[in-house]
Every structure is written in structure tokens, then in C-alpha cells.
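To start, the structure itself, in C-alpha cells.
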């Protein structure tokens, strides 16, 4: 099994599914102009699945889908469905939450009774205010949406990072 610089086994993989984001937070995107990876050059879901398979063979047991904003990736629930069927202890998703209102149900459907162990949405409305002043009006709505998502996930016994 591969080890990190401190001789710890590498068991977690952060898988960026896109470089794009729907917010222009100074934290993530401080530059005024970005050269985006052309969509045709992004790894396909089949290629991402093979990457995960290789890492599982090396001992990885945790996969976190990230971006940019992973919910911007077209048909992301299809990738979640594929990864949910793999020998993982943890499948996680980090999102800014903007698109959760429309994608939460398709993501849960894609899990096919496999537990999504972590869903990380920005911790508080205050955290969003620090990251992106231009979304202040949206922060309160997102915080309320997070509470709704947490309630729905609690009914399915799913842990949401930052709530325990």
C-alpha cells in the first residue's frame, strides 16, 4: 500500500470531476480569468471509474467527489451510481450546495440503497459570507436548504459533515 510523507497508508482519494464552479469565491478562484479544461478533455465517467478501481486495488477505501463544483458535471448521479457499487467504506461529496435543490433526489436515487457517508456543504451561512461577499443574499437561503437536507438525510441515517 502506498504511504504518504509521514508513512501513513493512503486510504482516501479526492476525485475532481470538473474544474468549473458556479460561484466566483475569492477563496477558490482569486484570479480574474481562468483557462478552463475543455469539456472534451475531462476524464469520462468510465475513465474515472477505472482510476478509482486502480486506487481501490492499492488500498484506498474512501473517495470524495470534488471540483470545482461537482454538481455542475453533467449526469453526476450516473457516476455516483457507479462508484456506489464499488468496495468503498466511504463515498463523499463536497459541494457549495447551490444545485442540491434539483440534484439531491437524483443523487439519492443513484445510491441504490448504498450509504453516502458524507455530504459536505459549506458549514454555516457565516462561512459563505467570508468566502463570497457577492452571495450574501443567497447565504440565508443556502443555510435553510442545508437544514432541509440534513433533516432528510437524518431520516436515511446519513452523516453530514459539521453537524455532529
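The values are calculated or read from the model by the stated rules, or taken from the named source; none is laboratory data. Quick caveat, the model's predicted, so the values are computed rather than measured. Cβ atoms come from the backbone with ideal geometry, glycine included; neighbour counts cover every protein chain shown.
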Point to revise | Residue in the stretch 37-51 that is farther than 19 Å from residue 92 by Cα, surrounded by 11 or more Cβ atoms within 10 Å (Cβ to Cβ) and modelled with pLDDT under 90 present | key: yes
Practice item. Test residue 110 against the criterion of being out of contact with any strand residue (DSSP E or B) (no Cβ under 9 Å at 6 or more places or on another chain), modelled with pLDDT of 55 or more and surrounded by 19 or more Cβ atoms within 10 Å (Cβ to Cβ), and give yes or no. Key: yes
Review point. If you go through the stretch 78-107, how many residues are assigned to a helix (DSSP H, G or I) and out of contact with any strand residue (DSSP E or B) (no Cβ under 8 Å at 6 or more places or on another chain)?
Key: 9
Check your understanding: Inside the stretch 62-116, can you point out the residues that are under 18 Å from residue 148 (Cα atoms) and more than 14 Å from the chain's Cα centre (by Cα)?
Key -> 101, 102, 105, 106, 109
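Rundown of residues vs (1) modelled with pLDDT under 55; (2) touching a strand residue (DSSP E or B) at 6+ places or on another chain (Cβ under 8 Å), yes/no style:
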position	(1), (2)
70	no, yes
76	no, yes
118	yes, yes
130	yes, no
155	no, no
Review point. Could you list, in sequence order, the residues of the stretch 3-16 that are surrounded by 11 or more Cβ atoms within 10 Å (Cβ to Cβ) and either part of a loop (DSSP other than H, G, I, E, B) or touching a helix residue (DSSP H, G or I) at 6+ places or on another chain (Cβ under 6 Å) (or both)?
Key: 10, 11, 13
Revision key, fill the gap. Every listed condition ((1) touching a residue at least 12 places away in the same chain (Cβ under 8 Å); (2) under 21 Å from residue 103 (Cβ atoms); (3) loosely packed, with under 14 Cβ neighbours inside 10 Å) holds for residue 66 save (3)
